[in-house]
Structures are given as C-alpha cells and as structure tokens.
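The values are calculated or read from the model by the stated rules, or taken from the named source; none is laboratory data. These numbers were taken from a predicted model, which means no experiment stands behind them. Glycine gets a Cβ as well: all are built from the backbone with ideal geometry, and neighbour counts include every protein chain shown.
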C-alpha cells in the first residue's frame, strides 16, 4: 500500500529537549515536505526537499531542521523545542522531476505538545 | 504565508442535500487541489485540477478550476453521513518550491 508514515503520532515533551519526527514514504517520490497545522492558520510549509541532499526553507522554517540523506526518509528535527512549536505536523510527498504539478500525499500527522 | 479565502466556514445539512464550497485567491495558481481531513488523520486528496476552466468529477464530487486561475469550487451531490469532515482547498504555485497554500477549511456536518 502506497503511504506516507510518520512517527511518533503523539509526543509530549519539555522545552529544550531535542526531538526528531520521522517521515518515510514508499512511493519512490522525489519531493517531500513538512507542514504544520494550527487553528485559524491552516497548513503552512516548514521545509521541503526536491530530492536527496536538496532541501530548502518553506514559509515557517525558524526553529526546525531537516535532512534528506535517503530518498524515502525526510526527518524533521527540533533542536531546542519551544512551546510555540506545539502543533499538528504533517509530512507530504509527491513525484518530482518532470512532473512539477503532481499532487502531494499526506501522512496521518504527528501531534506535538511542548511544555 | 498567504491563505486562501474559503467559504463557508461550516455547513450543517440533511442527508441527500447537495453541498457547494469555494475558494478565492488574490494570486494565480498553477494547480488547484481539494482535500478532505477526518479527525486524527492527514488530508486525503479528493480532486486535482490542472487547467483553467477544467471541470473534474470523482463520484459524487465535482470541482472546477476557475478561468482566472484565482478560484475554484467543490460540489458534493446527494450527501451521505460519511461525507462529514473538513474540506480544504489548496493552490499550488508555479515555482519549484511547490508549496501548497491552504484555505482555512469548510467543516461539513450531515444529519442522517
């Protein structure tokens, strides 16, 4: 089954304690992206990756890092989480090269609470 | 980041009724997408539109890409209880970043 898998689904942690949210897709997609969803603000892009070793900032990248060492994985790293990063996070992927308007498919989300 | 103007914010209808929702933007988009999100899950793609004026159906769902590239609508015919959820429009730009700009969502409730 084609899917985007995120882990963990839920996490409660404390300010300053580094955490990583993993994202993996099994569709051989080149393009991957992270979004956060907040009430009244909709989904906003944090970082994206056009392919392995190619990443760039989205609309709200402050406080986040990403890496793309393998095609299937795109982890989101919070080096020093703060309460304003409490949110619902979604990873998405789509076909990349040569198919610039292919729709993005989303994982089931990770709910982070930073105390 | 920019948000699309999506309306209505919520709808409460009777089973069997038709539903219509729309999105408008001040920017032109290359692609319009409609997603549905159920509680505890990620957005699921319903319909993708790639050309201005395009009208596309997926079962009881019909969506159109506006001629000006700045708007889109989604219609659901003969609604059923499982149509309950939040519907989001999203516009995708022309740049390589391909970020989706999302509407604020339409919460649909269907009374059996």
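Go through the stretch B:77-112 and give me each residue that's outside any strand (DSSP E or B), at pLDDT 90 or above and facing chain A (nearest Cβ under 8 Å).
Listed by number, the list holds a single entry, B:105.
In a strand (DSSP E or B), more than 14 Å from every other protein chain (Cβ to nearest Cβ) and in contact (Cβ under 8 Å) with a residue 12 or more places away in the chain: is that true of residue A:15 in this structure? Steps first, please.
Numbers: in a strand (DSSP E or B): no; more than 14 Å from every other protein chain (Cβ to nearest Cβ): yes; in contact (Cβ under 8 Å) with a residue 12 or more places away in the chain: yes.
So residue A:15 does not fit the description; no.
Matching residues to (1) farther than 21 Å from residue B:111 by Cα; (2) crowded, with 19+ Cβ neighbours inside 10 Å; (3) touching a residue at least 24 places away in the same chain (Cβ under 8 Å):
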| site | (1), (2), (3) |
| --- | --- |
| B:19 | no, yes, yes |
| B:22 | yes, yes, yes |
| B:37 | no, yes, yes |
| B:40 | yes, no, no |
| B:52 | yes, no, no |
| B:57 | yes, no, no |
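Kindly evaluate residue A:27 against the criterion of being surrounded by fewer than 17 Cβ atoms within 10 Å (Cβ to Cβ), at negative phi, within 14 Å of chain B (Cβ to nearest Cβ) and touching a strand residue (DSSP E or B) at 6+ places or on another chain (Cβ under 7 Å). Write out each step before concluding.
Working: surrounded by fewer than 17 Cβ atoms within 10 Å (Cβ to Cβ): yes; at negative phi: yes; within 14 Å of chain B (Cβ to nearest Cβ): yes; touching a strand residue (DSSP E or B) at 6+ places or on another chain (Cβ under 7 Å): yes.
Yes.
Please count how many residues of the stretch A:57-90 are part of a strand (DSSP E or B) and either in contact (Cβ under 8 Å) with a residue 40 or more places away in the chain or in contact with a helix residue (DSSP H, G or I) (Cβ under 7 Å, 6 or more places away or on another chain) (or both). Spell out the reasoning first.
To start, the set of residues in the stretch A:57-90 that are part of a strand (DSSP E or B) comprises A:57, A:65-66, A:73, A:76-78, A:87-90.
Now drop any that are not either in contact (Cβ under 8 Å) with a residue 40 or more places away in the chain or in contact with a helix residue (DSSP H, G or I) (Cβ under 7 Å, 6 or more places away or on another chain) (or both), which leaves A:73, A:76-78, A:87-90.
Qualifying residue count, the stretch A:57-90: 8.
Need a quick list: strands (runs of 3 or more DSSP E) entirely within the stretch B:1-76 having at least 1 residues that are more than 24 Å from residue A:33 (Cβ to Cβ) and at pLDDT 90 or above. Spell out how you get there, then give the answer.
On the way: elements: B:5-7, B:10-14, B:19-24, B:31-37, B:44-49, B:55-58, B:61-65, B:71-76.
Passing ranges, in order: B:5-7, B:10-14, B:19-24, B:55-58, B:61-65, B:71-76.
Kindly provide the set of residues from the stretch B:67-76 that are more than 14 Å from chain A (Cβ to nearest Cβ) and either free of Cβ contacts under 8 Å to residues at least 40 places away in the same chain or within 15 Å of residue B:35 (Cβ to Cβ) (or both), ordered by number.
Answer for the stretch B:67-76, where residues must be more than 14 Å from chain A (Cβ to nearest Cβ) and either free of Cβ contacts under 8 Å to residues at least 40 places away in the same chain or within 15 Å of residue B:35 (Cβ to Cβ) (or both): B:67, B:73, B:74, B:76.
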